[in-house]
1. Working only within the stretch A:460-472, note down all residues that are at the interface with another protein chain (Cβ under 8 Å from one of its Cβ atoms), open to solvent by 20 Å² or more (accessible area, probe 1.4 Å) and touching a residue at least 40 places away in the same chain (Cβ under 8 Å).
2. Out of B:Val481, B:Val486, B:Val461, report the one residue that is under 24 Å from B:Pro353 (Cβ atoms), more than 14 Å from chain A (Cβ to nearest Cβ) and in contact (Cβ under 8 Å) with a residue 12 or more places away in the chain.
3. Pull out all pairs, ordered by first then second residue, where Cβ-Cβ is under 7 Å, the residues are six or more apart or on different chains, the first lies in the stretch A:491-507 and is among the acidic types (Asp, Glu), and the second is loosely packed, with under 12 Cβ neighbours inside 10 Å.
4. I need the full set of residues from the stretch B:224-245 which are over 14 Å from B:Lys266 (Cα atoms), part of a helix (DSSP H, G or I) and open to solvent by less than 40 Å² (accessible area, probe 1.4 Å), in order please.
5. State which residue is farthest from the other protein chains (Cβ to nearest Cβ) when the search covers only the stretch B:246-256 and only residues that are open to solvent by 40 Å² or more (accessible area, probe 1.4 Å) and in a loop (DSSP other than H, G, I, E, B).
6. Give the stretch B:289-305 a look and list any residue that's in contact (Cβ under 8 Å) with a residue 24 or more places away in the chain and open to solvent by 30 Å² or more (accessible area, probe 1.4 Å), or say none.
7. Right, A:Asn238: more than 26 Å from the chain's Cα centre (by Cα), of a type outside the set (Gly, Ala, Ser) and either open to solvent by 20 Å² or more (accessible area, probe 1.4 Å) or on the phi > 0 side of the Ramachandran plot (or both) or not?
8. Being crowded, with 19+ Cβ neighbours inside 10 Å and among the β-branched types (Val, Ile, Thr) is the filter here; which residues of the stretch A:42-57 pass it?
Amino acid sequence: MEHIRTPKVENVRLVDRVSPKKAALGTLYLTATHVIFVENSPDTRKETWILHSQISTIEKQATTATGCPLLIRCKNFQIIQLIIPQERDCHDVYISLIRLARPVKYEELYCFSFNPMLDKEEREQGWVLIDLSEEYKRMGLPNHHWQLSDVNRDYRASICRSSQPLSGFSARCLEDEQMLQAIRKANPGSDFVYVVDTRPKLNAMANRAAGKGYENEDNYSNIKFQFIGIENIHVMRNSLQKMLEVCELKSPSMSDFLWGLENSGWLRHIKAIMDAGIFIAKAVSEEGASVLVHCSDGWDRTAQVCSVASLLLDPHYRTLKGFMVLIEKDWISFGHKFNHRYGNLDGDPKEISPVIDQFIECVWQLMEQFPCAFEFNERFLIHIQHHIYSCQFGNFLCNSQKERRELKIQERTYSLWAHLWKNRADYLNPLFRADHSQTQGTLHLPTAPCNFMYKFWSGMYNRFEKGMQPRQSVTDYLMAVKEETQQLEEELEALEERLEKIQKVQLNCTKVKSKQSEPSKHSGFSTSDNSIANTPQDYSGNTKSFPSRSPSQGDEDSALILTQDNLKSSDPDLSANSDQESGVEDLSCRSPSGGEHAPSEDSGKDRDSDEAVFLTA
Amino acid sequence: MEFAELIKTPRVDNVVLHRPFYPAVEGTLCLTGHHLILSSRQDNTEELWLLHSNIDAIDKRFVGSLGTIIIKCKDFRIIQLDIPGMEECLNIASSIEALSTLDSITLMYPFFYRPMFEVIEDGWHSFLPEQEFELYSSATSEWRLSYVNKEFAVCPSYPPIVTVPKSIDDEALRKVATFRHGGRFPVLSYYHKKNGMVIMRSGQPLTGTNGRRCKEDEKLINATLRAGKRGYIIDTRSLNVAQQARAKGGGFEQEAHYPQWRRIHKSIERYHILQESLIKLVEACNDQTHNMDRWLSKLEASNWLTHIKEILTAACLAAQCIDREGASILIHGTEGTDSTLQVTSLAQIILEPRSRTIRGFEALIEREWLQAGHPFQQRCAQSAYCNTKQKWEAPVFLLFLDCVWQILRQFPCSFEFNENFLIMLFEHAYASQFGTFLGNNESERCKLKLQQKTMSLWSWVNQPGELSKFTNPLFEANNLVIWPSVAPQSLPLWEDGVSLCHPDWSAVARSRLTATSVSQVQAILLP
C-alpha cells in the first residue's frame, strides 16, 4: 500500500475508445491489487477493474483543456484511456501505477492475496487435479524402452526435447551421441532420428561462435538434421507490438489493416511455428521416426513446437483436461520462464516475449480448421491467456519448478486448473464429439497449408471491442440448446416416473383421483430477444456532407467493465458482463429458456445511443 | 447451327483427369453440345460433368504426343485433362473453346435442358410484383403500381410493373424518364414498415453542364417526403466522378433544386476495377509459394476486401438513414444497375427480417437484381481467368453475395439460409441449366421467351429436398435490424466463396468445415 500516492480521484473520465466524445464520468480508486473505475451514473454504477499485473504500459499524454489523459495498455489487449482533471492527481496515479505494475517480489502478486473462499482441502485438491505422473502413465511410460521422458502414446516413435548442443565448431560429446543413439534404438520402427533445430540456420551458425551450435550429422549415427526457421523472442516481441499498433488504429482502411498485418510479420511467425509442428507430427505419424527438437535454450520455440505437434498427434491433448496437462507438461514443468517472458515481476524488458501467446493462437488456428476436434472452445484459450498474465493463480509464477517449490506456491496460492475445471461448462465446444472420426487420431493438414488458412484472431486481439465480434455466438447458442434439451429430458423422466406411480395408485384404488400435473413452463427456446439488438457504427466516414454533428462512432460501449462479482469469480472474459447499454447481450448469460422477454429493440438506453450517432442538423 | 459441326472429336479414350484433392482418374472423355463429360466407365459413374458455359479459359500443353488441357472454370475450379494424341487434343481444345463462347443466347443449355424432377411450383411465377406490392400495401396507401413501362418503351431496363408514389401519374413518369440515365426514373425499392420511410433507386439525373432541371423529377421524389422531413440522396460515386459525369450529360441533384434533400457521396468502384480485383484475388489464392507476407501483400493489393468494406459501409449508412434517422433515401450511381443495387439490397438485408429467409432472399434477388435490370449477361460473361477483358464484365453480384456472407458470419443465427445457398447462386449466375440469370433485363428475357422455353432456378431450388441443403440449422427468426461491423478486423476473406479454386485447400476445407460441423449442429438440434 505504501506505493499508492493517491487512493481515490474523483471526476475522472473513462473515454470510450470507439467514440471518444462519449466518456463516462466517475471515480478512480487505486487498491493494492486493482485499478477500479466506478461510474457516477446512478443507473449503472458500472465498474471497471484492472489488475495491476495486467498493465503493460502506462502513458501520460499531453494535458488538454479537459484534463490530463492517461493511457493504460494491458497484457490481455485491453486499452483504457482515462482523463484526470488535475495534472497533479494524474501524476500521482501515474507514478503509483508505474510502481504497482512492476512488483519486485513474488509476494506482491495478486495470487498471494486472492482468496476464493475455498478451504485448505479444496485448495489441495485443486493442485492435484493435473498430475503429470498420471500423464506419463497414460502415455504408457515408463516402459522397457523408456524411462520417464516425453513420448507419444500410439507410436513407438517419440518426440524428445533438449537445448542446443555446446558443439562450437568441433566439440563432440560421446554421451550425447550415445543418448541420441538410444533414442533411435528405443524406436525399433525406424533406423533414424530427426533432429529438428527450430532456429533459422543463420542463428544456429552464429551460435557456434559462442561454443554452442547444432549437431554435426557426421558425429551422430543415423540422424537427419532439419532447420525450421522460427525467429527468436526479440523478433516475436516486436512483431506483436507492431500488430497491436494495427489493432489500435482508429477506423483504419482495409489497406491500412492488411498492410500493417503483413508488416508486423505476426502471421508469418504463427505459420512458421505451425509448419514446424506439422513437420514433427508427420515425421512421427507417417514416417514413424523419433524426433529430437531443440532451439537455443529449449524452453521457448521447442515448447511451442512440441506442444503443437502433440496436439496434432494425440486427441487426448485436445480435451479440456488434456490441454491443461499439455501446458503443465510442456511449459510449466519443462521450465518455460514464465516470469521473464510475461514480465510478472519487474525485470529485463528484453526477456519479455509472447511465446505462449503464439502457442495459444496456433491452437485457435487449428480449432478454426477442425471445428469438431477440440473439446474446449475459444473462451477457454482466452481465459488461459488472461491468467498467464493475471498472477491470480499460482500456476504460472516463477521461472522453474524449483523456484515454485521454494516459494511453496501450492500451499500459498490456488490452482487455475481447478478453477477452470469447476467452470468447465463455460469452456465446452458443443460441436465436439469424442467418437467422431475427426476427433480421433492425428489431425491431418496439408504439408504446406495454404496461407489463407491463417487468419487474424480478432476474438483475442480485439476482444475488448465487442462491436467487432460476431454478434451471435454459435457456441453459446448450441450450448444453450444442449442445456435446454437436457432439462427437458430430465423433466420428461420425472414425469414418466410420476406417471408410473399414478398408474400404480390407480391400480390399487378403485376411486381414481385425477391429479393434474402442472403444465410445463418452458416457453420454447429463443435467442431473438435482445441477443442481437445492436446499434449502428459510424458508417458515414468523413463524408462532409453527412450531417453527423459529431464524429461519433458506434455506441458500442466496448465492454471494458469488469463487475466486482465477475472479478471475484475471477472471470477474465467479460462475457457475463454483457453490454446492457448497447443492447448487445452476451448469449452466455442468457437462461436457456429466454423466450419470456418480448423482443424489444428500442430499449430506453438504446435510444440514447441513437442520439450519439445521428444528431439533428 | 448444329453443335456437331463444332465437335470434331466427340470421344477420346484413356484420358486422365487431375483435380485437386481427388486421385487422378482415367476414363473416356465425351463432348456434347453443352457438356464435357469424363467417365471412368466403372459403375456407370461420371467423374466429371462440366457445362461448357462454365469454362472461363483453357490452356494447352504438349509433351511428345501427350497433350494436356487445363480448364479454368468461372467458379474458380481448375481441372487438368491429359489426352493422348496430339490431333485429338487439339480438336477437343478447339471444340471447347468454340462451345464455351457461343454467341447466341438461344443456343445456351437452358434452352435444351429438360428437368428430371417434377415441377411443383413454377419459379417464374413465384415472385410477382403484384404479390410483393401487397406485402406493404396494407401499411401504406401512398404508393401504387404503374404499368407505364408495359412495352419497355419508357425504360428498357425496367420491368413492366414498377411501384411509384400514388400522386405521380404516368405522364409525369414519362417526363422524369427522359431526365434520368437509361430512363430509370425513381422507383420504390423498399418500404420500412416500422416508420414508413422508403428506399428509392434510379439512374443519375441528366443535368449536364448547364444544370438542366426537371420539375416532375423534383415533384416525384418530394412526394415521398413527409411534411417538414428531409431525405437523403446517396450517390454511389465520389463527388469528383459525379461532377465529371456532367460533361457527358449526366450529373447529380443540385441542392438549389432539391432543397429538402441532402446528398451524400459514398464511392463504390465499378466495372473493370472490380474485375481486376477479382482476377488479382484469385491469382493470390492460387499462389503456391506458401509465403505468408506475399499472400497478405497480394490480398491487400487485390483490394477485394476494400470493395467489400466500401459496399457494406454504404449499405449500413443507407439503413441507418432509414431506421435511425427516420429519413427516406434515394440511391443512384451512374446507370443505377450495379452499385445502386448492391446498396439497396444489402440495406434490406440489414433492415428487413424477411430478406434473411430463403424465400425472402429469393424475392430480393428477383426484385432488386433481375427485375431491377442488373445486366447479368454482360457482367457474368467471364470470370477471373479470362484473357479477353471486356469493360462491362464485373463481379458485382459476387461482391454482393460476399457482403451477405459477411453479415451472415456476424449474425450466424439470423439467416434461414447458409453459405451453400450463396455459393449456389454465384455458380448459377455464371453458368446454369436454368434460364433465370440469362439476359440483361426483363425486356430481353421477354423477347427470349425464357418463361416458356427454359426452367426457372427457383422451381428447382424450392423443392423440399433441395432446400434442406441450403437451410441454416441455427436459424431463428429475428425481427430486429442487424447492424454489422465494418471494421477491417471484422471482415475476413470469404474463403469458401472466393477461394474455391485452391488446389490444396478448398475441397478439404469445405467438407471439413461445412459438412462436419453442419452434421454436428444438426445432431445437437435434432437429438
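The values are calculated or read from the model by the stated rules, or taken from the named source; none is laboratory data. These numbers were taken from a predicted model, which means no experiment stands behind them. Note that we place each Cβ from the backbone using ideal geometry, even for glycine, and neighbour counts take in every protein chain shown. These accessible areas exclude ligands, DNA and RNA; they are computed on the full protein's heavy atoms, side chains included. Shrake-Rupley method; radii C 1.70, N 1.55, O 1.52, S 1.80 Å.
1. Of everything in the stretch A:460-472, just one residue is at the interface with another protein chain (Cβ under 8 Å from one of its Cβ atoms), open to solvent by 20 Å² or more (accessible area, probe 1.4 Å) and touching a residue at least 40 places away in the same chain (Cβ under 8 Å), namely A:Glu465.
2. Going through B:Val481, B:Val486, B:Val461 in turn, just one is under 24 Å from B:Pro353 (Cβ atoms), more than 14 Å from chain A (Cβ to nearest Cβ) and in contact (Cβ under 8 Å) with a residue 12 or more places away in the chain: B:Val461.
3. Final answer for the pair search is A:Glu491/A:Ser520.
4. B:Ala245
5. So the residue we want is B:Ala256.
6. Within the stretch B:289-305, just B:Asn303 meets the criteria.
7. no
8. Selection gives A:Thr48, A:Ile50, A:Ile55.
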